[in-house]
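Presented below is the structure to which this report refers.
The values are calculated or read from the model by the stated rules, or taken from the named source; none is laboratory data. All of these numbers come straight from a predicted model, not from anything done at the bench. So basically every Cβ, Gly included, is an ideal-geometry build from the backbone, and we count neighbours across all protein chains shown.
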Amino acid sequence: MTVRILIVDDSEIFRTGLRAFVEAQADWEVCGEARDGQEAIQKTRQLAPNLIVMDLAMPVMSGIDATRQILREFPGTPIVLLTLYITRQLIEDARNLGIRATVSKTTMDRLPDCISAALRGENPDTPMG
């Protein structure tokens with residue numbers, strides 16, 4: 001089964017790189033892209049992705065606000081949050097909201113494992129046990 005992933009980030013250059021990164025993985029495809037949280041909500045409604053990779057800081061609507069709305073309408077949708085600046089508090093707040101994983105844009109090598117874990121319903125931000 002092919003996993004359909006929605007990429008949400010305000011940087012076109014970053015989205016392009018992330019698309020290539022995601023599509024290099026077996027059985028993953030990018031079903032759409034969004035530039036901000038508001039567009040992410042619209043694309044989620046239109047495309048019904050299996051997973052969303054969501055930037056934290058964007059114009060119009062943040063990744064956190066978009067996640068709240070998306071999870072109200074589509075509970076259980078796996079969301080992986082991307083950010084430049086990661087803290088334990090952000091990870092905890094994101095997890096409490098329903099975000100499956102928080103990944104620093106400086107450690108993108110972790111992204112495939114985090115996406116795989118999120119698809120399995122696991123939370124890679126905490127030790128597995």
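Can you say whether P124 is at pLDDT below 90, out of contact with any Phe, Trp or Tyr (no Cβ under 9 Å at 6 or more places or on another chain), surrounded by 15 or more Cβ atoms within 10 Å (Cβ to Cβ) and not aromatic (F, W, Y), as far as the supplied structure shows? When the stated conditions are applied, P124 passes them.
Please determine whether any residue of the stretch 77-85 is over 22 Å from R45 (Cα atoms) and among the β-branched types (V, I, T). Within the stretch 77-85 (the criterion being over 22 Å from R45 (Cα atoms) and among the β-branched types (V, I, T)), the answer is yes, since at least one residue qualifies. Got at least one residue in the stretch 49-70 being modelled with pLDDT of 95 or more, surrounded by fewer than 16 Cβ atoms within 10 Å (Cβ to Cβ) and either touching an Asp or Glu at 6+ places or on another chain (Cβ under 9 Å) or aliphatic (A, V, I, L, M) (or both)? Within the stretch 49-70, not a single residue is modelled with pLDDT of 95 or more, surrounded by fewer than 16 Cβ atoms within 10 Å (Cβ to Cβ) and either touching an Asp or Glu at 6+ places or on another chain (Cβ under 9 Å) or aliphatic (A, V, I, L, M) (or both). If the condition is being closer than 24 Å to A57 by Cα and among the charged types (D, E, K, R), then the stretch 16-28 contributes R19, E23. Within the stretch 80-96, is there a residue that is in contact with a helix residue (DSSP H, G or I) (Cβ under 6 Å, 6 or more places away or on another chain), of a type in the set (S, T, N, Q) and surrounded by 19 or more Cβ atoms within 10 Å (Cβ to Cβ)? No, the conditions are met nowhere in the stretch 80-96. Only one entry of E33, E29, E39 meets the criterion of being surrounded by fewer than 16 Cβ atoms within 10 Å (Cβ to Cβ), outside any loop (DSSP other than H, G, I, E, B), among the acidic types (D, E) and free of Cβ contacts under 8 Å to residues at least 60 places away in the same chain, and that entry is E29. Among the residues of the stretch 1-17, those identified as touching a residue at least 60 places away in the same chain (Cβ under 8 Å) and either more than 16 Å from D109 (Cβ to Cβ) or crowded, with 19+ Cβ neighbours inside 10 Å (or both) are V3, I5, D9. Evaluating A24 against the criteria (1) under 27 Å from N96 (Cβ atoms); (2) without any contact (Cβ under 8 Å) to a residue 12 or more places away in the chain leaves one unmet condition, (1).
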